[in-house]
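Everything on this sheet refers to the single structure shown next.
The values are calculated or read from the model by the stated rules, or taken from the named source; none is laboratory data. From a predicted model like this one, the values you see are computed outputs, not experimental measurements. Backbone-built Cβ (ideal geometry, glycine too); neighbour counts: all protein chains shown. All accessible areas refer to the heavy atoms of the entire protein, side chains included, with ligands and DNA or RNA removed. Shrake-Rupley method; radii C 1.70, N 1.55, O 1.52, S 1.80 Å.
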Amino acid sequence: MLRVGRKIARSIHKAITSEDSVDVSEIDGVRSLHLGSDTIQSSMRVKDPYALELRYSRGMMVFMLFQKKPVDLVVLGLGGGSIPKYVYHHLPQMKTRVVEINPRIIEVARSHFFTPENDARFEIIEGDAVAFLRDNPGTTSMLMMDAFGSNGMPAELCSQDFFDSCFEAITLDGMCAINLWGSDKNYDVYLQRIETSFHGRMLVMPTGRPGNVVVFGFKRAPNDLRWSTLRVRAKALEAEYKIEFLEFVERLREHNPGTSNRLLLET
């Protein structure tokens with residue numbers, strides 16, 4: 001059994017690797033992945049496996065406000081595969097590559113979380129994220145990092161060199177979404193490193209208290225950052241994908257520089 005909040009969740013899978021245990025629990029129809037603790041890494045509603053159950057994962061999709069026709073995605077860190085399988089199911093025009101170093105996580109994501117097998121537009125690569133970025137510069141328009149272990153973010157995935165590699169990995173109109181934990185003692189350090197790597201072209205969007213904070217980095221600033229444009233775009237996306245994009249626009253407004261007319265971002 002695992003304690004999730006004040007409730008006791010039923011344990012339905014436990015596997016021990018050389019580094020972490022990979023656990024799966026289920027409570028009230030929601031299945032969750034844990035790595036060596038009761039901290040939830042990802043969650044899935046069993047009766048709606050392609051939905052994004054956790055708010056931070058829906059927040060990661062805010063990249064769609066800025067990229068109108070995204071065609072490819074690289075995700076560093078698989079977890080339960082929530083975002084990759086959402087993109088696979090709801091954005092069929094996108095090709096997705098996921099880099100995951102732990103083979104047990106890959107196995108559990110497929111056996112317990114409905115993560116698809118590799119095909120022409122979906123690929124899970126068992127490998128090291130640092131090496132992958134080094135070997136694949138300028139090859140994706142959208143990069144996501146959602147890589148946590150039982151002890152938080154691995155040191156090699158939050159160094160200045162690593163965030164520099166994230167910047168180099170995206171195309172000229174590309175962007176990056178990085179999931180951070182707001183109460184991490186090194187949170188401000190990570191923010192400063194991301195800001196340096198992306199030359200100030202960075203936005204922050206808290207999704208909980210203190211909870212997850214999604215940080216967006218841009219190769220160059222989008223052309224139209226007027227609040228009116230973002231709200232029109234958010235309203236259309238919300239109607240189509242049932243994600244609270246309008247709320248996320250307000251989060252962006254609350255936590256980033258801007259005027260009454262537009263969001264401000266370094267050019």
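Here the contact order of region 55-253, divided by its residue count and restricted to Cα pairs under 8 Å and six or more residues apart, works out to 20 percent.
A DSSP coil position with no more than 15 other Cβ atoms inside 10 Å describes the following trypsin sites (Lys or Arg not before Pro) in region 207-237: 220. Between residue 199 and residue 254, the modelled label-to-label distance comes to 3.2 nm, taking each label 7 Å out from Cα in the direction of the beta carbon.
The chymotrypsin sites (Phe, Trp or Tyr not before Pro) of region 24-131 that meet both conditions, a loop assignment by DSSP and at most 15 other Cβ atoms within 10 Å of the site Cβ, are 50. The alpha-carbon of residue 219 sits under 17 angstrom from the alpha-carbons of these aspartates and glutamates, leaving out residues fewer than 8 places away in its chain: 72, 161, 164, 168, 173, 195, 266.
Net charge near residue 228, counting Lys/Arg +1 and Asp/Glu -1 over other residues with Cβ under 15 Å of its Cβ? Once positives and negatives cancel, what remains is +4.
Taking the charge dipole of the chain about its Cα centre, with +1 at Lys and Arg Cβ atoms and -1 at Asp and Glu Cβ atoms, the residue from 230, 202, 67 reaching farthest to the positive side is 230. Ordering 248, 141, 175 by Cα displacement along the dipole of region 55-253 toward the positive end leaves 248 in first place; charges were set at the Cβ atoms of Lys, Arg (+1) and Asp, Glu (-1).
Please report, as a whole percent, how much of the solvent-accessible surface of the chain comes from carbon and sulfur atoms (probe radius 1.4 Å). Let's see the in-between values first.
On the way: 6190 of 12530 Å².
Percent of accessible area from carbon and sulfur atoms in the chain: 49.
Ranking 197, 165 by solvent-accessible area of protein heavy atoms (1.4 Å probe, all protein chains present), from largest to smallest, gives 165, 197. With the simple model of a label 7 Å out from the Cα in the direction of the Cβ, residue 123 to residue 155 spans 3.2 nm.
Determine the alpha carbon to alpha carbon distance for each of 47/69; 85/242; 69/185; 47/85; 69/242; 85/235 and list only those over 25 Å.
On the way: 47/69 29 Å; 85/242 16 Å; 69/185 37 Å; 47/85 15 Å; 69/242 18 Å; 85/235 23 Å.
As for pairs spanning more than 25 Å Cα to Cα, those are 47/69; 69/185.
In the full protein context, the chain carries 47 Å² of accessible surface per residue, based on a 1.4 Å probe and ignoring ligands, DNA and RNA. In this structure, the amide hydrogen of residue 54, modeled 1.01 Å from its nitrogen in the peptide plane, lies closer than 5 angstrom to those of 43, counting only residues at least 5 positions away or on a different chain.
What FRET efficiency would be calculated for the residue pair residue 189, residue 240, taking the C-beta separation as r and a Förster radius of 51 Å, to the nearest 0.05? Walk me through the numbers on the way to the answer.
Numbers: r = 38 Å, r/R0 = 0.74.
Efficiency for this residue pair is about 0.85.
Computed 3J(HN,Hα) for region 255-267, one whole-Hz value per residue from the Karplus formula 6.51 cos²θ - 1.76 cosθ + 1.60 where θ = phi - 60°, is 10, 9, x, x, 10, 5, 9, 8, 7, 9, 8, 4, 8, glycine and proline marked x.
Just to confirm the filter: which trypsin sites (Lys or Arg not before Pro) across region 103-200 are DSSP coil and have at most 10 other Cβ within 10 angstrom of their Cβ? Write out the running numbers ahead of the final one.
Details: sites: 104, 110, 121, 134, 185, 193; in loops: 121, 185.
Loop-located and lightly packed - 185.
Between residue 164 and residue 110, the simple spin-label model (points 7 angstrom out along Cα→Cβ) gives 3.6 nm. To the nearest ten degrees, helix 160-169 and the longest principal axis of the Cα atoms of the chain are 70 degrees apart.
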